[in-house]
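Enquirer: Okay, here's the structure, questions in a sec.
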Amino acid sequence: MSAQEAIPVFTNLTDLYASLGTSLNHAERWNNLAEEFEKRFGKQPTYIARAPGRVNLIGEHIDYALFGVLPAAIERDILIAVAPRDVPPSSPTAETHHAPGSVIAENLHPKYTRQVFAPAPKAKPANVDDEVHVEGWHLEIPQELRWENYVKAGYYGVLEEHFTGAAVHPIPVDLLVTGSVPAGSGLSSSAAMVVASTLAFLAINGKLEGADKVAKGELVKMSMENEKRVGVNSGGMDQAASVMSVPSSVLYITFYPSLTASPTPLPPGAVLVCAHSLKVSDKALTAKRGYNLRVVETLVGARALARSLNIPVGTREKITLREVVGRLVEEADVGKGGAGMSADALAEVLERVRGAVEALKPPGGTEANEFGATLEEMVRLSGLGEAEFREVYLSWVEVDATHFKLYKRAKHVYSEALRVLQFRKLCLDTAAAPAAEGADGVAVLKQLGQLMNDSQTSCADDFECSCEELDELTRLAREAGAYGSRLTGAGWGGCTVSLVPEAEVASFIKKVSETYAPYKGLEGEALSEVIFATRPSTGACVYKFD
Ligand code: NG1
């Protein structure tokens, strides 16, 4: 599927609902949002932008090392209704809600209050031609997990991308947000918020139609950049899944040498069940010791590995673990926009490179100290001077650690990248030659499940992104009959995903709900909020009202 494809803009509700390809009753939510918008703002919305959350089947913490991953969009999503606001010409622009490009943002959830904000252009003084040039924008985005910050992050990206140069101001807008992706759960509510916000501001400013309309690949890139503004160095998997998914398939997303997304059908006979551990994982708040630290560890590990393999790396270059294997085999034409090596060739190199990762164990490192390298050891392994090292690897991100586990992180990344390729190959081979009903089909599902279980072990032991609750929940899921079960998303809390025999979903959910202690006392809707089966859904889109 091409990143050049247009973002779907529907003008007919029947087509829109059909495109979602899921069993949920979307109509009720869309209607309710439009009606509520009209009540609050006295006019119907011009657009509703939709962006789904995602579940990652396999391929954790390898997107920012530029390895392919296998997520699917889920049925739950974020919707943002938006319309231009008429500001009478005589209105005092000093008041925020009358300023050019100002936003009044509300959330359907009663616990969130109305937010009003306006971006300020950084403009050059008028030149001789009296033409003002906007050089960029000020819009304060506190690095806190608050819904309006994600809205602002999406807006800021649209301003920087489409409203610099000759001063054409964005229009003032009213917007209303609603969402059904549980926050802090590893189902990418944050990416869904940022994609939906970016999309809403693009739509209302006319950037989804006409010759220069924004394509899917561009929306993914903008949303990735936009999410970084809320403080997380995101790898791109969530935004790509939210934008590019298609119903009934998982998406094989690659980032290197370019962004591609290929639908991969899951073998019949199993469904996905997401279960929340009920431990909230606050990724932005724990980034220094969690997510961002892992980004630094994997990048420094890549440089140290390249050095031990005599692979040239530019002084300021932040080579990734994927690029190291590419350079090792002199991957053809990548620098010239070539397609890169095939999945089979990549799997072969990954097998070969496993042993080389041993070079990342610092001298004196032991099993007992988990082969952690101190800052000095890490600088030495990188081959850079300390000042240069700090500049390249530590100046753009805050981390908090005394030891950096380059060896264990790289070991996880390479083994996980290989599991993704094995998982995909099993799916593709099964689709090409469907097994007769019965034993063979189950055998494939069991192999897929085993890969998911191995991924969980690697996440827990080598990448250390699991936690007690996730370990326990995945164990109970296997006992309850799942073929495989693992954490999904960044980890340290949030959700698990299990591959469950289709005929046993109800009994599986019952068993897990009876055995996982934090679910005690939950029933009905409260229970289905935390453990639910889902089908792969379709990616982001926009509905345009008449
Ligand atoms: P979630 O679960 O949404 O926090 C994060 C990253 C992904 C990926 C996974 C780990 C963001 C927005 N998303 O996902 O890109 O790296 O962790 O596989 O940072």
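Enquirer: Which count do you get for residues in region 460-487 that are crowded, with 24+ Cβ neighbours inside 10 Å and closer than 14 Å to Gly449 by Cα?
Expert: 7
Enquirer: While we're looking at this one, here's another question. Where residues in region 68-98 are in contact with a strand residue (DSSP E or B) (Cβ under 8 Å, 6 or more places away or on another chain) and in a loop (DSSP other than H, G, I, E, B), which of them is nearest to Phe10 (Cα to Cα)?
Expert: Here is the first cut: in region 68-98, the ones in contact with a strand residue (DSSP E or B) (Cβ under 8 Å, 6 or more places away or on another chain) are 68-85, 96-97.
Now drop any that are not in a loop (DSSP other than H, G, I, E, B), which leaves 68, 85.
Working: Gly68: 30, Arg85: 22 Å.
So the residue we want is Arg85.
Enquirer: Give me the residue from region 363-380 that is under 29 Å from Glu331 (Cβ atoms) and either at pLDDT below 90 or under 30 Å from the mean Cα position of the chain (by Cα) (or both) and, out of that set, surrounded by the fewest Cβ atoms within 10 Å (Cβ to Cβ).
Expert: Start the filter on region 363-380 by keeping residues that are under 29 Å from Glu331 (Cβ atoms), which leaves 371, 373, 378-380.
Applying the additional criterion that residues be either at pLDDT below 90 or under 30 Å from the mean Cα position of the chain (by Cα) (or both) yields 371, 373, 378.
Working: Phe371: 20, Ala373: 27, Met378: 25.
Per the criteria, the residue is Phe371.
Enquirer: Considering only region 24-65, state which residues are of a type in the set (Ser, Thr, Tyr) and either part of a helix (DSSP H, G or I) or more than 17 Å from Asp174 (Cα to Cα) (or both).
Expert: Of all residues in region 24-65, those of a type in the set (Ser, Thr, Tyr) come to 46-47, 64.
Answer for region 24-65, where residues must be of a type in the set (Ser, Thr, Tyr) and either part of a helix (DSSP H, G or I) or more than 17 Å from Asp174 (Cα to Cα) (or both): just Tyr64.
Enquirer: May I ask you to say which residue of Arg475, Arg486 is outside any helix (DSSP H, G or I) and out of contact with any Lys or Arg (no Cβ under 6 Å at 6 or more places or on another chain)? Working first, answer last.
Expert: Working: Arg475 fails: outside any helix (DSSP H, G or I).
Just one listed residue meets the conditions, Arg486.
Enquirer: Tell me, yes or no, whether region 72-92 has at least one residue that is surrounded by fewer than 23 Cβ atoms within 10 Å (Cβ to Cβ), under 22 Å from the mean Cα position of the chain (by Cα) and either more than 16 Å from the ligand (Cβ to nearest atom) or at pLDDT below 90 (or both). Write out each step before concluding.
Expert: As a first pass, look at region 72-92 and keep what is surrounded by fewer than 23 Cβ atoms within 10 Å (Cβ to Cβ): 75, 83-92.
If we keep only those that are under 22 Å from the mean Cα position of the chain (by Cα) as well, we get 75.
Pick out the ones that are also either more than 16 Å from the ligand (Cβ to nearest atom) or at pLDDT below 90 (or both) and you get 75.
Scanning region 72-92 turns up at least one residue that is surrounded by fewer than 23 Cβ atoms within 10 Å (Cβ to Cβ), under 22 Å from the mean Cα position of the chain (by Cα) and either more than 16 Å from the ligand (Cβ to nearest atom) or at pLDDT below 90 (or both).
Enquirer: Another question, then. Identify all residues within region 186-221 that are in contact with an Asp or Glu (Cβ under 7 Å, 6 or more places away or on another chain), surrounded by 24 or more Cβ atoms within 10 Å (Cβ to Cβ) and not small (Gly, Ala, Ser); write none if there are none. I'd like the intermediate steps shown before the answer.
Expert: Initial filter on region 186-221 (in contact with an Asp or Glu (Cβ under 7 Å, 6 or more places away or on another chain)): 188, 190-192, 194, 215-216.
Keeping just the survivors that are surrounded by 24 or more Cβ atoms within 10 Å (Cβ to Cβ) gives 188, 190-192, 194.
Scanning region 186-221 gives a single hit, Val194.
Enquirer: Same structure, new question: Checking the structure you have, find out if any residue of region 461-483 is closer than 27 Å to Val357 by Cα, touching a strand residue (DSSP E or B) at 6+ places or on another chain (Cβ under 8 Å) and within 16 Å of the ligand (Cβ to nearest atom).
Expert: So the first thing to find is which residues in region 461-483 are closer than 27 Å to Val357 by Cα, and the list is 461-467, 471.
Retained after the next criterion (residues that are touching a strand residue (DSSP E or B) at 6+ places or on another chain (Cβ under 8 Å)): 465-466.
With within 16 Å of the ligand (Cβ to nearest atom) added as a condition, the list becomes 465-466.
Looking through region 461-483, at least one residue is closer than 27 Å to Val357 by Cα, touching a strand residue (DSSP E or B) at 6+ places or on another chain (Cβ under 8 Å) and within 16 Å of the ligand (Cβ to nearest atom).
The values are calculated or read from the model by the stated rules, or taken from the named source; none is laboratory data. Not measured: the values here are computed from a predicted model. Virtual Cβ from ideal backbone geometry, glycine too; neighbours counted across all protein chains shown.
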